[in-house]
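The values are calculated or read from the model by the stated rules, or taken from the named source; none is laboratory data. These numbers come from a predicted model, not from an experiment. Quick reminder, even Gly has a Cβ in these numbers, built from the backbone with ideal geometry, and neighbours come from all protein chains shown.
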Amino acid sequence: MTGLSKLAQVALSTRDVSKAVPFYRDVLGLKLMFEVSGMAFFDAGGVRLMIGPAHHKGELQNNTFVYFDADDWHATEQALIARGLAFERPAEVVQRSEGKEHAIRFFKDPDGNALAIMGWRPAM
């Protein structure tokens, strides 16, 4: 049976692409692939992240969360903080294993889209 096997792209809305691009490129460190027709496309570890204009007026509201893998948890967390990222709250531990824990830490982009880093780190 043929089925889906790979996530190709995630799309998030923005009110201002010119503000979103520096956030995703400079603060989060994602590679900007290209910009076209008011949209910006980033490489997020082989999954394309499209940041494009909102198609409705008013506040951007959704229940979508985008989780970025923090391969080296502490280095990723510190690099993002050094680039001016403000996390919403301390990391949450969602799983524990011998000597390590799987953690998630939430933040928002300039348009209020819900984002997070997640990954394994040494147990605290």
| Tell me, which strands (runs of 3 or more DSSP E) lie completely within region 1-48 with 1 or more residues that are in contact with a strand residue (DSSP E or B) (Cβ under 6 Å, 6 or more places away or on another chain) and exposed (fewer than 10 other Cβ atoms within 10 Å of the Cβ)? | 31-36
| Matching residues, region 4-35, being under 12 Å from the mean Cα position of the chain (by Cα) and among the charged types (D, E, K, R) | ARG25
| query | Just checking, how many residues over region 99-118 are touching a strand residue (DSSP E or B) at 6+ places or on another chain (Cβ under 8 Å) and on the phi > 0 side of the Ramachandran plot? | reply | 1
| Does GLU101 count as assigned to a strand (DSSP E or B) and free of Cβ contacts under 8 Å to residues at least 24 places away in the same chain? | yes
| note | Of (1) touching a His at 6+ places or on another chain (Cβ under 8 Å); (2) in contact (Cβ under 8 Å) with a residue 12 or more places away in the chain, PHE65 satisfies every one except (1)
| query | Can GLU88 be described as in a loop (DSSP other than H, G, I, E, B), acidic (Asp, Glu) and either touching a strand residue (DSSP E or B) at 6+ places or on another chain (Cβ under 6 Å) or without any contact (Cβ under 8 Å) to a residue 40 or more places away in the chain (or both)? | reply | yes
| message | I'd like to know if region 48-70 contains one or more residues that are at pLDDT below 95, farther than 13 Å from PRO110 by Cα and touching a Pro at 6+ places or on another chain (Cβ under 9 Å). | response | no
